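The values are calculated or read from the model by the stated rules, or taken from the named source; none is laboratory data. Bear in mind that the values here come from a model prediction, so they are computed numbers and not experimental data. Note: ideal-geometry Cβ built from the backbone for every residue, glycine included; neighbour counts use all protein chains shown. SASA here: full protein model, heavy atoms, side chains in, ligands and nucleic acids out. Shrake-Rupley method; radii C 1.70, N 1.55, O 1.52, S 1.80 Å.
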Amino acid sequence: MPELPEVETTLRGIKPYIKNSIVERVEIRQRKLRWPITRNLASRISGEPILDVTRRAKYLLLTFPYGTLMIHLGMSGRLNIVPESSRVGKHDHVDLILSSGSVLRFNDPRRFGSILWTSSDPFQTPQLAHLGPEPFDTSFSGDALFKVTRGKRSSVKNFIMDGRVVVGVGNIYANEALFRSGIAPRRLIRNISLHRYRRLVVAIQDVLSDAIEAGGTTLRDYSQVTGEPGYFKQDLLVYNRAGQPCSRCNSIIRRRVISQRSSYYCPNCQR
Ligand SMILES: [Zn+2]
């Protein structure tokens with residue numbers, strides 16, 4: 001599933017090709033995604049310039065003069081830049097044909113992605129209105145986390161994966177950040193000190209920026225028909241490593257299910 005680093009890499013990959021381009025035509029082959037693609041989308045954006053391309057959480061936002069196109073990659077979605085002559089594959093559901101001759105193509109085998117148009121403020125839509133800060137925002141800090149967690153009983157892993165607390169910390173990154181900061185995934189948030197919250201925030205930022213950096217090596221693929229960013233080859237220290245020795249202390253990495261998600265941790269390094 002594309003996580004925040006993959007979405008950020010997608011943003012960096014497509015932006016140089018589509019920003020300031022004019023959408024000449026829109027080709028929709030399959031309207032039924034997670035939610036149906038907004039009706040009359042073609043008439044809303046045809047002939048209009050893409051003024052900017054940004055990201056909020058896992059949504060890519062294409063800003064037009066009269067509104068914003070919000071694209072989510074869901075479980076298996078992908079955006080690629082392809083030449084207009086390129087063959088259309090089975091799961092290529094939407095094309096934005098640009099004045100530059102390039103095509104922004106949305107491919108999504110499982111169709112959990114979405115393409116929604118809003119003519120009002122995208123940050124006030126149900127998709128974005130209630131989200132917590134971006135992980136690299138200054139408002140996401142150890143001090144802020146410490147403050148909101150006093151007296152609360154939730155486990156730290158559930159807490160940092162809650163999009164109202166911070167966006168973009170998926171299961172892999174939550175596991176890795178907790179290992180890097182030495183915090184056990186089941187530790188209750190009310191029992192974690194300010195000092196440890198500060199370390200956790202740095203660990204979350206490090207693990208995400210490492211992944212974004214790893215993704216940077218796939219950027220050149222965006223201009224090719226076969227472009228496929230896929231998953232980043234990142235060195236994972238605990239995720240999916242149950243039964244293997246901890247890279248720091250040689251204790252055996254354990255796996256435990258917390259809220260239906262696999263948690264991997266070192267029982268010695270993480271308290
Ligand atoms: Zn260890």
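Does segment 117-131 contain any residue that is over 19 Å from Thr38 (Cα atoms) and in contact with a Pro (Cβ under 8 Å, 6 or more places away or on another chain)?
no
Within the set of pairs 6 or more residues apart or between chains, which connect a residue that is within 21 Å of Ala211 (Cα to Cα) and open to solvent by 60 Å² or more (accessible area, probe 1.4 Å) inside segment 234-248 to a residue that is away from the ligand (no atom under 11 Å from the Cβ) and not in a loop (DSSP other than H, G, I, E, B) with Cβ atoms less than 7 Å apart?
Listed by first residue and then by second, the contacts come to Asn240/Tyr264.
Just give me the residues in segment 260-271 being open to solvent by 70 Å² or more (accessible area, probe 1.4 Å) and more than 15 Å from the ligand (Cβ to nearest atom), in sequence order.
Gln260, Arg261 - these are the residues of segment 260-271 that are open to solvent by 70 Å² or more (accessible area, probe 1.4 Å) and more than 15 Å from the ligand (Cβ to nearest atom).
How many residues are assigned to a loop (DSSP other than H, G, I, E, B), at pLDDT below 95 and under 17 Å from Tyr173 (Cβ atoms) when one looks only at segment 248-271?
1
Do you know which of the residues in segment 204-247 that are under 14 Å from the mean Cα position of the chain (by Cα) and modelled with pLDDT of 95 or more is nearest to the ligand (Cβ to nearest atom)?
Per the criteria, the residue is Ile204.
Restricting to segment 1-45, name every residue that is assigned to a loop (DSSP other than H, G, I, E, B), hydroxyl-bearing (Ser, Thr, Tyr) and farther than 16 Å from Met70 by Cα.
Correct list: Ser21 only.
In segment 39-61, which residues are under 11 Å from the mean Cα position of the chain (by Cα) and surrounded by 20 or more Cβ atoms within 10 Å (Cβ to Cβ)?
Result: Lys58, Tyr59, Leu60.
Can you tell me how many residues within segment 2-37 are open to solvent by less than 80 Å² (accessible area, probe 1.4 Å) and either among the aliphatic types (A, V, I, L, M) or over 22 Å from the mean Cα position of the chain (by Cα) (or both)?
Residues flagged as open to solvent by less than 80 Å² (accessible area, probe 1.4 Å) and either among the aliphatic types (A, V, I, L, M) or over 22 Å from the mean Cα position of the chain (by Cα) (or both) within segment 2-37 amount to 15.
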